[in-house]
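Rule-based calculations on the coordinates, nothing more; no lab input. Bear in mind the structure is a predicted one, so any value in this text is a computation, not a measurement. Cβ coordinates were reconstructed from backbone atoms using ideal geometry, including for glycine residues, and neighbour counts include every protein chain displayed.
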Amino acid sequence: MTFEVVLSILGFEEIKKFELEKINDNFYMLKNEKVTFTLINPFLVRNDYDFEISEQEQKALKIDENTNFLVFNIMIVNKPFVESTVNFAAPLIFNMDKKLMGQVILEKYGYGLTEPLKNYIKSEK
């Protein structure tokens, strides 16, 4: 699915369109000809992940209470996988109805830019 970027991804402000490709229910790839990001469903690993976006961000993304939208976070995949990190401080919001997307910065919530995935995965030991 192609999405128009209405709230730029930090460091990639020149990119105005991305393809969202589903890997499975919890992981997606976001890509264009210059860059590819691995995305994770934050609610898979954190039951305490909660935030509100500003009215200005809601207007840019054309989101209201009836909008079908998804939230993902950029992750850096490492080996072993539990050493991967997740950017919980700047989620990507996807308006599935209008095919709009953007990154929002959650300054007041205390989420980290590179939080280790192992902090949220239960050990099998």
Original post:
To the nearest 0.05, what FRET efficiency results for MET96 and ILE121 with a Förster distance of 30 Å applied to their C-beta separation?
Top reply: 0.65
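Grab the Cα-Cα distance for LEU113 and GLU65, subtract it from 0.36 nm times how many residues apart they are, and report the gain in nm with one decimal.
Details: separation 48, 0.36 × 48 = 17.28 nm, distance 2.78 nm.
Using 0.36 nm per residue and subtracting the Cα-Cα distance, I get 14.5 nm.
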Subject >> the range 2-118: projected area of the alpha-carbon convex hull, averaged over directions, in nm² >> reply: 7.4 nm²
Original post:
Pick from LYS108, LYS17, LYS99: which is most flexible by mean-square fluctuation in a GNM of the chain where alpha carbon atoms under 10 Å apart are linked?
Top reply: LYS108
Original post:
Across the range 67-77, in residue order, what do the Karplus-derived ³J(HN,Hα) couplings come to in whole Hz, using 6.51 cos²θ - 1.76 cosθ + 1.60 with θ = phi - 60° and x for Gly and Pro?
Top reply: 7, 7, 9, 10, 10, 9, 10, 6, 10, 9, 7
**OP:** Would you calculate the separation in nanometres between label points at SER54 and THR2, each defined as 7 Å from the Cα along the Cα-to-beta-carbon direction?
**Re:** 3.0 nm
Original post:
How would you classify the range 8-57 from its alpha-carbon gyration tensor, with a ≥ b ≥ c the square roots of the eigenvalues: rounded for a/c under 1.5, else prolate if a/b is greater than b/c, otherwise oblate?
Top reply: oblate
Subject >> For ASN73, net neighbour charge (Lys/Arg +1, Asp/Glu -1) across residues whose Cβ lies under 11 Å away >> reply: 0
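Charges only on Cβ, +1 for Lys and Arg, -1 for Asp and Glu: so what's the dipole of the range 2-118 about the Cα centre, in debye to the nearest 20?
Details: 13 positive and 18 negative charges, 73 e Å.
Approximately 360 debye in magnitude.
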**OP:** Please give the FRET efficiency for ILE105 paired with LYS79, using the beta carbon to beta carbon distance and R0 = 30 Å, rounded to the nearest 0.05.
**Re:** 0.55
Original post:
What residue among ILE40, ILE105, ILE53 has the largest mean-square fluctuation in a Gaussian network model of the chain, using Cα springs under 10 Å?
Top reply: ILE53
